[in-house]
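Student: Have a look at the structure that comes next, please.
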Amino acid sequence: MKIAVVGTGYVGLVTGTCFAETGNEVTCVDIDSKKVERLSNGEITIYEPGLEKLFLRNLKENRLQFTTSLEDGIRDAKIVFLALPTPPGEDGSADLKYILGVSEEIGKLLKDYKVLVDKSTVPVGTAEKVKAAVRKNYSGEFDVVSNPEFLREGVAVDDFMKPDRVVIGTTSERGRKVMGDLYAPFVRSGNPVIYMDERSAELTKYAANSFLATKISFMNEIAQLCERVGADVDMVRLGIGSDDRIGKRFLFPGIGYGGSCFPKDVQALVKSSCEADYQFRILNAVMEVNEKQKLHLIPKIKKYFNDDLKGKHFALWGLAFKPNTDDIREAPALYIIEELLAAGATVSAFDPEAMKNVQQLLGDQIHFAENQYEALKGADALIIATEWNEFRTPDFLKIVTSMKNKTIFDGRNLFDVSAISELGFHYESVGRRSISPNSNHKN
Ligand code: UDX
């Protein structure tokens, strides 16, 4: 099938590449000519494990092409995916200017039946707005389908190739058939394609992300309580997670959720609820809990250093909002850095992928280390903000010899409390007992 993907950001590039991989001819369109040139020359513009190999192979086979011309891109396509940004406006609602602008342009170019697919996360009612925008300039046949993506950064290729489910929102039989054929190779394993109306599909995406954000925030609050009553959140997590109705995943407490989706989608759902004259109380609480959780380690750090961080030097492991990505949007590490610098401390950070992005944002306000151990040199404490695998089993001897103080504040619960206690560290994590070499059982 011939497919166009408009927008070569994260979702667009993964979508285009994965559809090409299953034998479709895909043309990706973007207004950024430099990006199109780089992509056409085989230079991938995002970091996503496993993507580059597929990208290069399909580029070579000519199944994947890039252009700045919307007209050329969609000319022969039967399906046109819209993978455009929906940034939050000042009031938190999703701004549809890119999607509706491109839809109007497409209306000017359409000559025959095509299926337009909203792939971006868009508020309920957007499919109707897209239809109206196309209609301004085109009176022929077309369909608009809502087909939200559920990709997780870091495992996006796998999520795309083997989706838990595919949601297709359309009331058109023709649109349903075209989309069903396109996704058939991805659901051979038996996972469902769920057909529904456009509005339900649009809401499904927000509901999924907001539910997961709620699950995490619930555990973050349980962790808070654990610290106060002397319980261990790891045990509670295991205890509740083995109940199928709750499930084991997304129960890990930490220093808050970040990234490009959860914060934005929770906020947008609260906003659309307001517009529909409904107060989504739980989600208001979720946002509040998450804001606080990002700074969960700060009071602990301040207390440990008797409220005086001036001149203290911190090693920071992890900058990305989660492992296996270079994405720093809403990353808890950034909030921690801001607090430390404001308190007069200095920071030496290491992240396997995200340092370039933070450097662009912060310049030389912090030191960027060559590797995780270099970051530790002379540090009064180590702070862990992202659970990269390489931080999980470090060489503790190297840690001890590099640091000034054997002190760790772990926002991701990477280490076993008892094991680290034997190594003589002062160790504080999230929702578990704190360990001090002197007291050994300090809560
Ligand atoms: C998310 C959704 O999972 C995906 O379906 C959607 O399409 C886009 O948004 P992503 O933002 O890439 O994907 O990351 P995800 O792995 O879901 O993690 C989101 C945030 O939750 C991260 O900050 C992560 O650290 C945090 N998290 C996740 C927890 O704090 N605890 C958990 O148990 C799981």
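Read-outs throughout are calculated quantities, based only on the coordinates presented, and are distinct from any laboratory measurement. Everything numeric here is computed off the predicted structure, so don't read it as measured data. Please note: Cβ atoms are built from the backbone with ideal geometry, for glycine as well, and neighbour counts cover all protein chains shown.
Student: Just to confirm the filter: which chymotrypsin sites (Phe, Trp or Tyr not before Pro) across the stretch 198-280 are DSSP coil and have at most 10 other Cβ within 10 angstrom of their Cβ?
Tutor: Passing sites in the stretch 198-280 are Y278.
Student: Would you kindly calculate the mean projected area, averaged across all directions, of the convex hull enclosing the Cα atoms of the stretch 1-108, in square nanometres?
Tutor: 7.1
Student: Rg(Cα) of the stretch 318-404 divided by 2.2 N^0.38 Å?
Tutor: Taking N as the residue count of the stretch 318-404, the ratio is 1.02.
Student: Calculate the translational D of the stretch 39-191 in whole µm² s⁻¹ from Stokes-Einstein, where the hydrodynamic radius comes from the Kirkwood formula applied to all Cα pairs, the temperature is 25 °C and the viscosity 0.890 mPa s.
Tutor: Diffusion coefficient, whole number: 145 µm²/s.
Student: Efficiency by 1/(1 + (r/R0)^6): what FRET value for R135 and N62, r their Cβ-Cβ distance, R0 = 41 Å, to the nearest 0.05?
Tutor: After rounding to 0.05, the efficiency reads 0.75.
Student: Any chance you could give the angle, 0 to 90 degrees and rounded to 10, that helix 51-60 forms with the longest Cα principal axis of the chain?
Tutor: Taking the Cα atoms of the chain, the angle to 51-60 is about 30 degrees.
Student: Roughly what % antiparallel, to the nearest 5, for the DSSP beta bridges in the chain?
Tutor: Given both bridge residues lie in the chain, the antiparallel proportion sits at roughly 5 percent.
Student: Of K34/K136; K78/K131; K271/K294; K34/K119, which pairs sit farther than 27 Å apart, going by alpha carbon to alpha carbon?
Tutor: Beyond 27 Å between Cα atoms: K34/K136.
Student: Once both axes come from the Cα atoms, what is the angle between helix 126-135 and the longest principal axis of the chain, in degrees from 0 to 90, rounded to 10?
Tutor: 30
Student: What percent of all Cα-Cα pairs in the stretch 233-287 falls in each 5 Å bin, counting up from 0?
Tutor: Bins of 5 Å from zero give 4, 16, 19, 16, 18, 16, 8, 3, 0 percent of pairs.
Student: Within 10 Å of each candidate Cβ there may be at most 10 other Cβ atoms; applying that plus a DSSP loop requirement, which trypsin sites (Lys or Arg not before Pro) in the stretch 205-267 survive?
Tutor: Here the sparse-neighbourhood loop sites are R245, R249.
Student: Return one number: the angle in degrees, 0 to 90 and rounded to the nearest 10, between the long axis of the Cα atoms of helix 198-229 and the longest principal axis of the Cα atoms of the chain.
Tutor: The answer is roughly 0 degrees.
Student: Roughly how far apart, in whole Å, are the Cα centres of the stretch 179-205 and the stretch 68-101?
Tutor: First find each Cα centre; the distance between them is then 21 Å.
Student: I need the semi-axes of the equivalent ellipsoid of the stretch 162-274: take the C-alpha gyration tensor, multiply each eigenvalue by 5, square-root it, list largest first in whole angstrom.
Tutor: One finds semi-axes of 35, 18, 10 Å for the stretch 162-274.
Student: Output the antiparallel fraction of DSSP beta bridges having both residues in the stretch 289-443, as a percent to the nearest 5.
Tutor: Once the DSSP bridges in the stretch 289-443 are tallied, antiparallel ones form about 5 percent.
Student: Same structure, new question: Looking at the chain, I'd like the Rg to Rh ratio, where Rg is from alpha-carbon atoms and Rh is Kirkwood's inverse mean 1/r.
Tutor: Reported Rg/Rh (Cα atoms, Kirkwood Rh): 1.01.
Student: Mind grabbing the base-10 log of I(q)/I(0) for the stretch 1-43 at q = 0.20, 0.26, 0.29 Å⁻¹? Debye formula, identical points on the C-alpha positions, no solvent, two decimal places.
Tutor: -0.57, -0.92, -1.07
Student: Cross-link partners among aspartates and glutamates for K35, C-alpha distance below 12 Å, same-chain residues fewer than 8 apart left out?
Tutor: Hits, sequence-local ones excluded: E43.
Student: Using all alpha carbons of the stretch 124-177, what is the percent of pairwise distances in each 5 Å bin, ordered from the shortest bin to the longest?
Tutor: 4, 17, 20, 18, 15, 13, 8, 4, 0
Student: How large is the Kirkwood hydrodynamic radius of the stretch 384-443, counting all unique pairs of alpha carbons, in Å?
Tutor: Kirkwood hydrodynamic radius for the stretch 384-443: 11.7 Å.
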